[in-house]
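A short write-up of the structure that comes next.
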């Protein structure tokens, strides 16, 4: 006998009701719980089948049913499966959205360089102060676990790790509950020594697993920084300005604009020094990047929803038209916000 959709619905209703009340659940209660989809007689027959299959038990004669360990196991596995599906759907949605946004950002970088006659860059949006959304530990074999870590921005990281001690199914379930209860919704900064100590104490013999999970949480959050996309345009515009067209200076600047690692250094420096207005002006030696010491760099931070931010940058001579550049950046920030909201609809 297999669990069809009706049996699954009734089993879930029994478990949820029992978890809420702590009292055995009867067919009449289930009938109300499922909005009278089926008659009480049908529900009683299904409950008898579920009892025969070992998913529920009757603690006393003429009493309702309560979930068995097998029933709880099915329920938890269903939750984890639904969470996996939810994560995959969100990930696919974000890939599609970010694909469209990539085209928008490339186009904007090109227009920005054309309108200002300077070099331009736009970084793809990142989540700042990422919060942990979900952790799932799954047993692969006796001494190997799969750790699935999902952080804000729907960054999903899967890692296989080796553990010294063998962990039973029940212990793994308890670890999943412990980790998610204590860590979900926290940023990496908020997972402090107090949180870690409490987790390790409650984990008991499985302290090593807690250490492994915390390492993966930090790595998943850092992965967003490593995957930063930066789009540039107008690098050759620097040759229009005699003070920057010297062969050595121009070569260094062009090389800088072609290397993602150096541009990441600029973007990270901007994020660390972000002003309340989101706009920064770096003149000469104030630049976060050595190769841009002979330039002025004007940056703006755009935001596409809570915590989702990117950087726009203009690189030109120190005698750049600051008024025009600042006006252009403010306009672009507004356009990006409007474009993203349109994509959302």
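The values are calculated or read from the model by the stated rules, or taken from the named source; none is laboratory data. The model shown is predicted, which means the values in this text are computed figures rather than measured ones. So basically every Cβ, Gly included, is an ideal-geometry build from the backbone, and we count neighbours across all protein chains shown.
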*Could you grab me the full set of residues in the range 238-249 that are assigned to a helix (DSSP H, G or I) and surrounded by fewer than 19 Cβ atoms within 10 Å (Cβ to Cβ)?*
239, 240, 242, 243, 247, 248, 249
*List the number of the failed condition for residue 321; all other conditions in (1) closer than 19 Å to residue 105 by Cβ; (2) modelled with pLDDT of 80 or more; (3) surrounded by fewer than 16 Cβ atoms within 10 Å (Cβ to Cβ) hold.*
(1)
_Elements of type helices (runs of 4 or more DSSP H) in the range 1-89, at least 2 residues being modelled with pLDDT under 80, under 34 Å from the mean Cα position of the chain (by Cα) and closer than 28 Å to residue 180 by Cβ_ = 5-21
_Considering only residues that are under 15 Å from residue 3 (Cα atoms) and surrounded by 14 or more Cβ atoms within 10 Å (Cβ to Cβ), which ones fall in the range 49-66?_
49, 50, 51, 53, 55, 56
